Structures are given as structure tokens and as C-alpha cells.
Amino acid sequence: MVERSYFDWNATAPLRPQAAEALREALSVPGNPSSVHAEGRAARRLVEEAREEVAVLVAARSGDVFFTSSGTEANMLALTPAIQTADERLPREKLLISAIEHSSVRTGGRFPRGAVADIAVDADGRVDLAALADALAGTARPLVSIMLANNETGVVQPVAQAAAIVHAAGGLLHVDAVQAAGRIACDINALGADLLTLSAHKIGGPKGVGALIRAREDIHFPDPLIRGGGQERGLRAGTENVAGIAAFGAAAAAVRGQGAAEADHMLALRDRLETGLKAVASGVAIFGAAVERLPNTTLFAAQGMKAETAVISFDLEGIAVSSGAACSSGKVQPSHVLAAMGVSPTLTRGAVRLSLGWTTTETDIERFLGAWRKLATALSKGQAGMAA
Ligand code: PLP
């Protein structure tokens with residue numbers, strides 16, 4: 001069998017051993033966390049321990065963590081005109097989102113389409129803070145959503161500066177930290193975020209679990225997405241995914257212990273990878289390379305390269321990479337992120353994303369560079385499968 005190298009960690013990360021263990025153990029706990037008997041209390045304990053671990057990961061209080069079925073659901077839950085604080089009970093009139101948000105934010109949550117406006121990014125893929133300030137001027141009770149790090153480029157956004165601007169304008173800031181968690185610091189207070197979204201499967205937990213975290217207990221959602229039982233303090237009805245939540249907690253605990261060392265490991269390998277990429281072929285563009293990026297992400301393109309065919313060619317060589325946004329890979333859609341950065345449609349069509357993780361090895365990097373040498377040679381000859 002061909003050895004495989006996985007470079008698609010921004011799409012999903014493998015389950016951490018600690019999370020797999022927690023998942024297995026929790027699956028054998030029979031109780032419902034809402035039941036008062038010993039079995040129920042054992043299940044409740046698993047959920048609450050996980051809540052504590054997830055809270056600590058972002059320096060929040062456990063009472064401010066609400067579990068959801070995904071990062072997508074947490075984003076949908078956060079983006080509502082009905083959100084209230086102690087000082088502000090009137091509906092939010094406008095949602096401002098950066099032009100590079102994940103599709104779950106770009107849909108505008110529960111705001112009417114006409115109430116959602118984009119904030120531009122610069123050519124490096126960073127939110128334009130002057131444009132943010134302009135958009136906020138004259139907007140009553142705005143809600144703003146800016147991701148901490150972009151899923152395609154890995155570019156880290158100036159969230160703390162954005163928070164100061166949003167708060168000065170009387171707004172609230174939601175931060176999608178799905179790609180950032182476990183790779184860079186995600187302290188909700190240091191970021192100035194009022195709300196923060198996490199997804200378990202990007203940090204080594206299972207797929208299908210997420211969390212919305214608030215910075216203060218005075219932030220309320222009078223309009224939950226799922227009504228029924230009073231689970232998650234009325235914010236999300238439905239018996240909790242106890243095993244998934246327990247495994248999320250275990251992954252969060254592992255990240256706290258190992259995250260910094262893993263980030264160093266990924267960065268060293270990513271540097272080698274990018275040096276190799278550029279050494280093999282001239283004219284390789286690495287998007288966002290001039291600004292701070294996640295330590296694990298490289299989005300690159302070469303003239304004449306078509307991403308769909310490149311992804312297949314790499315796959316045949318035993319290498320999993322992705323083209324464009326990971327969550328929509330499989331669909332061939334031009335990247336709205338690169339479009340917002342002003343990248344030409346031709347170059348955008350060739351963009352391939354490599355994302356590394358804690359088990360990535362030097363052998364993986366060498367395997368990728370070997371395959372890249374072959375592709376780049378075919379590309380330089382304008383051979384079928386690579387040329388546009
Ligand atoms: N936000 C970002 C930035 C993402 O990259 C993703 C998924 O790739 C999500 C949200 C959605 O998370 P989930 O897969 O848990 O729905």
C-alpha cells in the first residue's frame with residue numbers, strides 16, 4: 001500500500017489519543033445528564049468536566065461555555081439580531097462581517113440579508129480596520145464577526161485592535177476561532193471578543209461538536225436555534241452528545257499541555273516546505289506570506305496550475321491536500337478569500353492549500369516535495385493535467 005501523507009488538517013484533524021480514550025469511556029456511561037440518579041450524575045460530570053477544560057483553553061468561565069453540534073451551529077447561534085446585554089436589549093440593526101469569513105458566518109446567521117455588510121481585507125488578507133471604523137459609523141447596535149485566523153490562508157486577523165474599534169462604537173464582537181484554537185493563543189479577554197466559536201474536530205476532538213463561548217454572563221440569546229428541553233441552560237435543547245463533549249474536553253486539555261510545542265514543530269516543518277516549494281519552481285505565490293499566519297498553513301499557487309487536477313495528482317502520489325476552502329472541497333468554487341484579497345481569477349484557480357498538524361513528519365514534507373517536483377516539471381512543459 002502507498003504510504004500516505006495528510007496535509008488537510010484545516011479540514012479536519014485526526015482524533016487525539018486522549019480524545020479517543022475519553023470518547024470510548026464516555027460511550028459506556030449509560031446515564032442521561034439530565035437525570036438525577038447516579039448514572040445521570042456520572043454523565044453530567046463528564047459534560048461539566050469537559051466544559052471546564054474548554055473554558056480554560058480560552059481563559060473563560062465554564063458557565064459561559066455552551067456546547068453545540070458544530071462550529072457552524074455556534075456561529076449561527078451567535079449571529080442573531082436578538083442578542084442582548086445588560087445595557088442593551090434592543091435588536092441589533094446590522095451585522096458586519098469580514099469578506100473572508102467561513103461560509104457559516106457569510107450566510108449572515110439570522111440577520112436579514114439586507115442587514116449584513118462586508119468589511120474589506122487588504123492584499124495580504126487582513127481585515128481593513130479603517131474600513132471597519134467607517135462601516136461602524138452611524139450604525140446602531142452593531143454586531144461584528146471577524147475570524148481569528150483564516151481557514152484558507154491561515155492569516156491571523158488583528159482581532160484585539162478590531163475589538164477596540166467595535167467597542168468604541170457600542171458594538172459587540174464575535175470571533176470565529178475555529179482554525180486558531182490549538183495553533184495560536186485564544187484568550188477571549190486578551191482578544192477583546194464578546195463571543196467566540198470553537199469546533200472540536202479542528203483540535204483533535206471528534207467531528208460534530210462545537211462551542212459558543214461568551215466573555216461575560218450578561219450576554220443573552222433570547223432566541224435559541226433549538227427549543228425544547230432546558231439543556232445548555234436553555235440555549236440548546238436536546239440530550240447532550242456526552243461522548244463527543246467529553247472527547248472535546250480531552251482534546252482541549254491536550255492542547256493546553258502540548259499546543260505550544262506542537263506549534264513550534266509545525267512551524268519548523270512549514271518553513272521547510274515553503275522553502276522547498278519555491279526552490280523547485282519559480283513564480284510560486286504563497287498567499288499572506290508577508291503577515292502573521294498560523295504556523296501550519298500554506299496556501300500557494302503557480303501560474304498555469306489548476307487546483308482540481310493538482311489535488312488529484314497529489315492524491316495519486318499518496319498526498320492529501322485541498323483546493324480552496326476545505327469545508328466546501330469537493331465542490332469546485334472560486335475562493336472568496338482570494339477574490340477579496342484581489343488575487344487574479346487565473347491564479348485563484350491554481351490555489352492549493354497545505355495544512356500541517358502535530359503528527360506531520362519530515363518524511364511527509366519530503367514526500368510532498370518529491371511529488372511537487374514531478375508536478376512542477378509537468379507544469380513547466382505545459383503537460384495535460386497541469387496546464388490551464
Ligand atoms: N469556521 C471556520 C473558520 C472553519 O474553518 C470551519 C470549518 O472548516 C467552521 C467554522 C465550521 O466548523 P464545523 O466543521 O464544526 O461546522
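The values are calculated or read from the model by the stated rules, or taken from the named source; none is laboratory data. Worth saying up front: this structure is predicted, and the values here are computed from it rather than measured. Here the Cβ positions follow ideal geometry from the backbone for every residue, glycine too, while neighbour counts run over all protein chains shown. Side chains are part of the model used for accessible areas, which takes the heavy atoms of the whole protein and leaves out ligands, DNA and RNA. Shrake-Rupley method; radii C 1.70, N 1.55, O 1.52, S 1.80 Å.
Give the Rg (one decimal place) followed by the Dmax (whole number) of region 111-264, computed from C-alpha coordinates and expressed in Å.
16.7, 47
Counting other Cβ atoms within 10 Å, keep those with at most 15, restrict to DSSP loop, and tell me which trypsin sites (Lys or Arg not before Pro) in region 227-332 are left.
The qualifying sites are ARG227, LYS331.
Quick check: the distance between the Cα centres of region 264-320 and region 40-110, to the nearest angstrom?
Cα centroid to Cα centroid, the span is 33 Å.
Taking the chain, how much of its Cα-Cα pair set, in percent, is spaced more than 34 angstrom apart?
Values: 22530 of 75078 pairs.
Percentage above 34 Å: 30.
Using θ = phi - 60° and the Karplus relation 6.51 cos²θ - 1.76 cosθ + 1.60, list the HN-Hα couplings for region 196-201 in order, rounded to whole Hz, with x at every Gly or Pro.
Computed from phi, the couplings for region 196-201 are 9, 9, 10, 10, 4, 6 Hz.
Within the chain, what is the longest stretch that has no GluC sites (Glu not before Pro) placed in a DSSP loop and near at most 10 other beta-carbon atoms within 10 Å?
On the way: sites that count: GLU3, GLU217.
Longest site-free region, per DSSP loop and neighbour criteria: 4-216.
How large is the dipole of the chain about the Cα centre if only Lys and Arg carry +1 and Asp and Glu carry -1, each at its Cβ, rounded to the nearest 20 debye?
Here the size comes out at about 680 debye.
In Å and whole numbers, how far do the C-alpha atoms of region 29-154 stretch along each principal axis, longest first?
Taking the Cα atoms of region 29-154, the three principal extents are 56, 36, 25 Å.
How would region 85-175 be classified by its alpha-carbon gyration tensor: rounded, prolate or oblate, with rounded meaning a/c under 1.5 and the a/b versus b/c comparison settling the rest?
It comes out prolate by the Cα gyration axes.
Probe of 1.4 angstrom, ligands and nucleic acids ignored: what's the accessible area per residue over the chain, in square angstrom?
40
May I ask you to list the trypsin sites (Lys or Arg not before Pro) in region 1-69 that are in a DSSP loop and have at most 13 other Cβ atoms within 10 Å of their Cβ? If you can, show how the numbers build up before the last one.
Values: sites: ARG4, ARG24, ARG41, ARG44, ARG45, ARG51, ARG61; in loops: ARG4, ARG61.
Listed in order of number, the matching sites are ARG4.
Is region 122-175 rounded, prolate or oblate when judged by the Cα gyration tensor, a ≥ b ≥ c being the square roots of its eigenvalues, rounded requiring a/c under 1.5 and prolate requiring a/b larger than b/c?
On the way: a/c = 2.48, a/b = 1.80, b/c = 1.38.
Prolate shape, in that a/c is at least 1.5 and a/b is the bigger ratio.
Each residue of region 298-315 in turn: what ³J(HN,Hα) in whole Hz from Karplus with 6.51, -1.76, 1.60 and θ = phi - 60°, glycine and Pro shown as x?
Ordered by residue, 3J(HN,Hα) equals 9, 10, 9, 8, 9, 4, x, 7, 9, 4, 4, 6, 5, 4, 5, 4, 4, 4 Hz.
If you plug each phi of region 213-227 into the Karplus form 6.51 cos²θ - 1.76 cosθ + 1.60 with θ = phi - 60°, what whole-Hz ³J(HN,Hα) values come out, in order, with x for Gly and Pro?
So the J values, rounded to whole Hz, are 10, 10, 7, 9, 7, 7, 8, 10, 10, x, 10, x, 6, 10, 9.
Length gain on complete extension for the stretch ARG24 to GLN161, per 0.36 nm per residue less the alpha carbon to alpha carbon distance?
Residue separation times 0.36 nm, minus the Cα-Cα distance, leaves 45.1 nm.
Mind counting lysine pairs for me in the chain? Cα separation below 23 Å, and the two need to be 8 or more apart along the chain or on different chains.
Lysine pairs meeting both conditions in the chain amount to 8.
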